[in-house]
Amino acid sequence: MSEPLIVVEDLHKSFDHLGRKLDVLRGLDLAVGEGEITAIVGPSGAGKSTLLHCLGTLDQPTSGRIRFAGQDLVGLGSSRLAEIRNRMIGFVFQFHHLLPEFDALENVMMPGLIQGKRRKQLEEPARALLAEVGLAERATHRPGELSGGEQQRVDLARALMLSPKLVLADEPTGNLDSATSDAIHELFFKVGGEHGTTILVVTHNVSFARRMPRVVTMRDGKIYADEHGSSWRPPASRGRAGAGLEPNAPPSEPGTPAAAG
Ligand SMILES: Nc1ncnc2c1ncn2[C@@H]1O[C@H](COP(=O)(O)OP(=O)(O)OP(=O)(O)O)[C@@H](O)[C@H]1O
Ligand SMILES: [Mg+2]
């Protein structure tokens, strides 16, 4: 059997803050197979973004092991990490803003332009991606001429531009209304699925998490629960033994402890 795309073992990440050591990731183990689409949920401060930063080579763990696409990331030099990041990982992070002086099409092409690829060669796939996210008619709009949801869709198209093996998304719909946020999550899932991309998406959106094939719950810097299929339900609704999820059950907030698995 081939190795999973991502294998994380005993991952620790601590921050030094005002002379105090803060242990944020505390012995985390996780394996993610190629093409898997996984939601990461958990309370604020659980370490979800920190984990994504380590997986995305944006930050170095304090100790432990991360294997990605058959290579050990921990200990690699910064230029090698940048190469892996640029070639194999797409990001949909809130701080990853679109470039305001470029239009939607140029923003989608940007990862390729940065790599020195020719505009001509990038334009067609970029247009196809914009069409996939439903924005064929907005190619010439600059970010300031797009709605928030449209900007997020451009961001998703951009993340997929170089056909990354992995897309990391951190609350990609953070400040959108819930209908737009649902639609974007859905799109994310569909587009990623069609490209065979492995996706890890941190979300606080319960109804979205519930539709994901796999839901990993983090708590206190560790994996607290790891559920496949439709068995995940927000902790607050776990009272009834063996109860499944009703497809249209009202969302409830995560936050109360529950039995793992
Ligand atoms: N650079 C840093 N220096 C010190 N502490 C940090 C740093 N980055 C994160 N932390 C702390 O690490 C903890 C985990 O942060 P992280 O951003 O990973 O949480 P999260 O699970 O993504 O939460 P949220 O759902 O609110 O985004 C928090 O308590 C945070 O204050
Ligand atoms: Mg976060």
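Read-outs: derived from the displayed coordinates by stated rules, not from any lab. In this text, all values refer to a predicted model and were calculated from it rather than measured experimentally. Cβ placement follows ideal geometry from the backbone for every residue including glycine, while neighbour counts extend to all protein chains displayed.
At-a-glance table
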item	result
Trypsin sites (Lys or Arg not before Pro) restricted to region 98-139 and DSSP loop, no more than 15 other C-beta within 10 Å	Lys117, Arg118
Inter-label distance for Ile114 and Arg142, nm, one decimal - labels placed 7 Å from Cα along Cα-to-Cβ	2.1
For region 142-157 and region 1-79, distance of Cα centres in Å	29
Note, ³J(HN,Hα) from phi for region 165-180, Karplus 6.51, -1.76, 1.60, rounded to Hz, x at Gly and Pro	6, 10, 10, 10, 10, 10, 6, x, 10, x, 10, 9, 5, 5, 5, 4
Extension gain from Glu3 to Asp182, taking 0.36 nm per residue of separation minus the Cα-Cα distance	61.2 nm
Separation of the Lys21 and Glu83 label points, Cα + 7 Å toward Cβ, nm	3.4
Karplus-derived 3J(HN,Hα), 6.51/-1.76/1.60, for each residue of region 193-208, Hz, glycine and proline x	x, 5, 8, x, 7, 6, 10, 10, 10, 7, 8, 9, 8, 4, 5, 5
Lysine pair number, Cα distance threshold 17 Å (strictly under), the chain, separation 8 or more or different chains	5
Semi-axis lengths, Å, the chain, gyration tensor of Cα atoms, sqrt of 5 times eigenvalues	30, 24, 17
Net charge dipole size for the chain [Lys, Arg +1 and Asp, Glu -1 on Cβ; Debye, nearest 20]	380
5 angstrom amide H check on Val167, placed H, neighbours 5+ away	Gly90, Thr198, Ile199, Leu200
For region 119-199, alpha-carbon Rg and Dmax in angstrom	12.3, 37
Phi to ³J(HN,Hα) by Karplus 6.51 cos²θ - 1.76 cosθ + 1.60 over region 52-60, Hz, x for Gly, Pro	4, 4, 5, 5, x, 6, 7, 9, 9
